[in-house]
Amino acid sequence: MNTPPRVALHPRTALPNGSGAAAILSAGIGAFALAVLSIAADKSALVKSSLNFYGPTGPLSGVTTVAILLWIVTWVILEGRWRSRTVAIGRINAAALALLGLGLLLTFPPLADIF
């Protein structure tokens with residue numbers, strides 16, 4: 001009876017997941033920033049005028065521009081710090097999901113009007 005040759009099992013080394021975690025968390029931060037900036041521009045005349053980058057769209061142009069810049073800057077910083085690391089992806093996902101959920105809730109008009 002022929003038996004297959006034994007293959008030596010090598011322990012697998014974990015691949016770094018920092019780059020993916022950086023992208024996921026920065027997306028949550030960007031979504032939350034969009035909601036906070038939206039509420040701030042709606043409630044404060046100073047913020048509203050500061051974020052009016054393009055007249056026809058009003059403060060929406062500044063709100064989205066600043067939120068996108070915060071998302072990209074956060075992503076670049078986290079990517080630089082976590083690129084070759086293995087991070088707790090479960091915690092990162094939970095934080096990103098919480099931030100995304102808060103961002104979505106805060107852009108819902110009845111909730112945004114509370115502030």
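Taking Thr57, Thr74, Thr86 in turn, the Gaussian network model of the chain (Cα-Cα springs below 10 Å) assigns the largest fluctuation to Thr57. With the simple spin-label model, which puts each label point 7 Å out from Cα in the Cβ direction, the Leu111 to Ala98 separation comes to 1.5 nm. Applying 0.36 nm per residue to the separation of Leu46 and Arg85 and subtracting their alpha-carbon distance, the gain on full extension is 9.9 nm. Report, to the nearest 10°, how far helix 18-43 tilts away from the longest principal axis of the Cα atoms in the chain, using its own Cα long axis and a range of 0 to 90°. Helix 18-43 sits roughly 10 degrees off the main axis of the chain.
Using a Förster radius of 35 Å, what is the FRET efficiency between Ile68 and Leu15 based on their Cβ-Cβ separation? Nearest 0.05, please.
Values: r = 29 Å, r/R0 = 0.83.
The value I calculate is 0.75.
Go through 95-102, 77-84 and give me the packing order, highest mean Cβ count within 10 Å leading. All intermediate terms of the calculation are to be shown ahead of the outcome.
Working: 95-102: 15.9, 77-84: 13.8.
Result, highest mean first: 95-102, 77-84.
From the largest down, the chain spans 83, 28, 21 angstrom on the principal axes of its Cα atoms.
Throughout, read-outs are computed from the coordinates displayed, never taken from laboratory work. Note that the structure is predicted; figures quoted are calculated from it, not measured. Neighbour counts run over all protein chains shown; Cβ positions are idealised from the backbone, glycine included.
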